[in-house]
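Working notes, beginning with the structure itself.
The values are calculated or read from the model by the stated rules, or taken from the named source; none is laboratory data. Computed from a predicted structure; not experimentally measured. Please note: Cβ atoms are built from the backbone with ideal geometry, for glycine as well, and neighbour counts cover all protein chains shown.
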Amino acid sequence: MIIESTHNQHVKRLRALASRKGRRTHRQFLVEGVRALEEAVEGRLRLNTVALCPDLLSGERADQLAAELAATGAQVLQIAEEPFRSLSQVQSPEGVAAAVEIPDTSLEDLPADADLIVAAVDLRDPGNMGSLLRAADAAGAQGMVAAGSCVDLYDPKVVRATAGSIFHLPVVTGVSPNAVEEWARRSEIATVAACLENAKPHSRIRYPLRTVVMVGNEANGLREDVARKADLRAYIPMPGRAESLNVTVAAGILIWEILRQRGRI
């Protein structure tokens, strides 16, 4: 049976996941597209509902994905093009979307032996947040933390910007920067603040074997009250004329220096 109405209860629920309120109510977020759903099938999060639009979903790759999604045990809905487009958050939907359950992950749930965690404080731009999570995943980090007044990590724009990395590593949200630093002390993992004031060049610091890399807001950087409590303060020298680096670029430079010192690259 194909759902034809934009007012169908399932369509309305999936559409509601575009808003933060809807995600909080249902404890789910929306994922769209063939590539993203391939990552979701192989990832660590549970798929609740899968929406397929036969008129938009085509090709051998799509057929294989549809079979894999059905095998996850998720509820599978066949939806006509008009109601599918009404719930989609992209201009050219590929005909496949899924409601994925938002995990209730705390700082204490992060791996006890984690040696690299990335923490964003007050990061507001969805593209930057998604790219930062993607960089953390690429670096082999064991977790990502969104502290303070960050953009919602499960916003559709953030999810798309992660390019599937949101399914690969644990993510902690809704915590204060102070809670992150207290957890780090209890876990005997050093905090590294990316900042300018009273900091050393990033390549002249000998980093501990276990670190939390903390980056701040796009416009104002890491708050001083947060940086002040960090074990180390690092800055990236800029010989050119630009006043600052994109937060993900800066975090990537710092993280890859840590990896270099550990002999991982």
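Between 134, 206, 124, the distinction of being closer than 18 Å to residue 247 by Cα and assigned to a loop (DSSP other than H, G, I, E, B) belongs to 124 only.
Candidates are the residues of segment 44-80 that are under 29 Å from residue 104 (Cα atoms) and among the hydroxyl-bearing types (Ser, Thr, Tyr); the one that is surrounded by the most Cβ atoms within 10 Å (Cβ to Cβ) is 49. Scanning segment 23-64 for residues that are touching a residue at least 40 places away in the same chain (Cβ under 8 Å) and among the polar types (S, T, N, Q), which turns out nearest to residue 2 (Cα to Cα)? Applying the filter and picking the extreme gives 49. Pairing each residue of segment 169-182 that is assigned by TED's automatic domain parsing to the domain that holds residue 40 with any residue that is acidic (Asp, Glu) and surrounded by 19 or more Cβ atoms within 10 Å (Cβ to Cβ), provided the two are 6+ apart or on different chains, yields no C-beta distance under 8 Å.
If the condition is being aliphatic (A, V, I, L, M) and assigned to a loop (DSSP other than H, G, I, E, B), then segment 216-265 contributes 219, 222, 230, 236, 238, 242, 245, 265.
Residues in segment 84-134 that are within 28 Å of residue 69 (Cα to Cα) and either without any contact (Cβ under 8 Å) to a residue 12 or more places away in the chain or not hydroxyl-bearing (Ser, Thr, Tyr) (or both): 28 in all. Here is the figure for segment 174-194: residues that are closer than 30 Å to residue 41 by Cα and either surrounded by fewer than 17 Cβ atoms within 10 Å (Cβ to Cβ) or within 9 Å of the chain's Cα centre (by Cα) (or both) total 1.
Let's see how each residue does on (1) at pLDDT below 95; (2) more than 20 Å from residue 126 (Cβ to Cβ); (3) in contact with a strand residue (DSSP E or B) (Cβ under 7 Å, 6 or more places away or on another chain); (4) outside the structural domain of residue 154 (by TED's automatic domain parsing):
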site	(1), (2), (3), (4)
7	no, yes, no, yes
10	no, yes, yes, yes
36	yes, no, no, yes
64	yes, yes, no, yes
69	yes, yes, yes, yes
76	yes, yes, yes, yes
79	no, yes, yes, yes
